[in-house]
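The values are calculated or read from the model by the stated rules, or taken from the named source; none is laboratory data. Remember, it's a predicted structure, so these values are computed and weren't measured experimentally. All Cβ positions, glycine included, derive from the backbone under ideal geometry; neighbour counts span all protein chains shown.
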């Protein structure tokens, strides 16, 4: 394995194979109960796995197969896939992959070439969501769950500030709404400060709206820049209107009106026309008169097949089935978010779930996190320095300068 996987192993020596699913998992095999083969799936826990699980019985019956599902947190899922990739005979036949892992996984031969297995992406899938699914012209992943940043808000609090969903045009509008809510005795902006990844990723839409990014076209760090400093100074002012909360508390806070706004993801919350909370796609403008940028960040959960799967042919049939437009549309009522126009623009779906129009807009103008093998180390370093800034340990200038130098060293290898 290449150097990053060697580093990964050194960092995960305390992680047992059982915790990562390597101890009890079965490779595809004939069942003892009259069923045919077994397929093992390793998925992101939550709605992302739930909507896949509800689709499996029909596939199992048609193919006389049993599907065993292991559901893990984001960090444990990454560890489980990476650790199992070292084994010649893999434990898993289908895996859920965050887009930011793509470079590392393909560099280290973790994923099977889906094109060689006969799979291709169709034109109904929103094109921008497929950009990280290819290596050269071959498909390695399929965009299954359209997670993308949205700005969640409490309708009543926003209306009390003189706005509604259609009139929020810029980051300045968001700051004004949150400041008015704070003046009314409510919390303004709620953010996640419970980990470097959450801190960085939820900040990225703000950074993009200021025309900044974390790397340039050559994947060199661009943290100590005027755009990043402006975005960071704005963010400090914005989060001063509220507080840090974990995900579930953030959702509850905005839903009840105790909090007013926060960066969220469709996989967390499915508002309806009658919900107290809603969300919008960011316009990508810092002020009403500034340039608009693509500012909605992808957290898309893709699905793929491990290169060491022992049953690639049947796993490809399962992947094809799960990506079928009609099958994906059937998951919407349970919180599924397909990256498909046929689901997100369906008039009947929009009658009940009007927010899918917003999700479609966000997916069309979305931005993937840097597709670099070093991303996990990158966000850990950057998030640590951002946390230092937020907690007053360092100034904006010092924290970003320190982050820049550390990231340059990381990317230099």
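A search for C-beta distances below 6 Å between a residue of the range 313-326 that is not assigned by TED's automatic domain parsing to the domain that holds residue 41 and any residue that is surrounded by fewer than 16 Cβ atoms within 10 Å (Cβ to Cβ) and at pLDDT 95 or above, counting only pairs 6+ apart in sequence or on different chains, returns nothing. Consider the range 71-103 and keep the residues that are part of a strand (DSSP E or B) and in contact with a strand residue (DSSP E or B) (Cβ under 6 Å, 6 or more places away or on another chain). The one that is farthest from residue 196 (Cα to Cα) is 94. Inspect all residues belonging to the range 68-87 and state whether any of them is at pLDDT below 95, within 18 Å of residue 308 (Cβ to Cβ) and surrounded by fewer than 16 Cβ atoms within 10 Å (Cβ to Cβ). Checking the range 68-87: at least one residue is at pLDDT below 95, within 18 Å of residue 308 (Cβ to Cβ) and surrounded by fewer than 16 Cβ atoms within 10 Å (Cβ to Cβ). Collect the residues in the range 251-281 that are over 16 Å from the mean Cα position of the chain (by Cα), part of a loop (DSSP other than H, G, I, E, B) and crowded, with 21+ Cβ neighbours inside 10 Å, keeping them in residue-number order. Hits for the range 251-281 are 259, 260. Residue 180 satisfies every condition listed in (1) touching a strand residue (DSSP E or B) at 6+ places or on another chain (Cβ under 7 Å); (2) buried (at least 19 other Cβ atoms within 10 Å of the Cβ); (3) without any contact (Cβ under 8 Å) to a residue 40 or more places away in the chain except (1). Scanning the range 138-153 for residues that are out of contact with any strand residue (DSSP E or B) (no Cβ under 9 Å at 6 or more places or on another chain) and either without any contact (Cβ under 8 Å) to a residue 24 or more places away in the chain or surrounded by 24 or more Cβ atoms within 10 Å (Cβ to Cβ) (or both) yields a count of 0. Residues being at pLDDT below 95 and assigned to a helix (DSSP H, G or I): count how many of those fall in the range 219-247. The total comes to 1.
Restricted to the range 328-413, the set of helices (runs of 4 or more DSSP H) holding at least 1 residues that are under 23 Å from residue 151 (Cα atoms) and either without any contact (Cβ under 8 Å) to a residue 40 or more places away in the chain or not assigned by TED's automatic domain parsing to the domain that holds residue 272 (or both) comprises 341-344, 347-352, 355-364. The set of residues in the range 225-250 being crowded, with 21+ Cβ neighbours inside 10 Å and under 24 Å from residue 146 (Cβ atoms) consists of 250 alone. Screening the candidates 116, 104 for the property of being more than 13 Å from residue 306 (Cα to Cα) and either without any contact (Cβ under 8 Å) to a residue 40 or more places away in the chain or not assigned by TED's automatic domain parsing to the domain that holds residue 323 (or both) yields one hit, 116.
Those helices (runs of 4 or more DSSP H) of the range 143-218 in which at least 2 residues are closer than 30 Å to residue 322 by Cβ, considering only elements entirely within it, cover 196-209.
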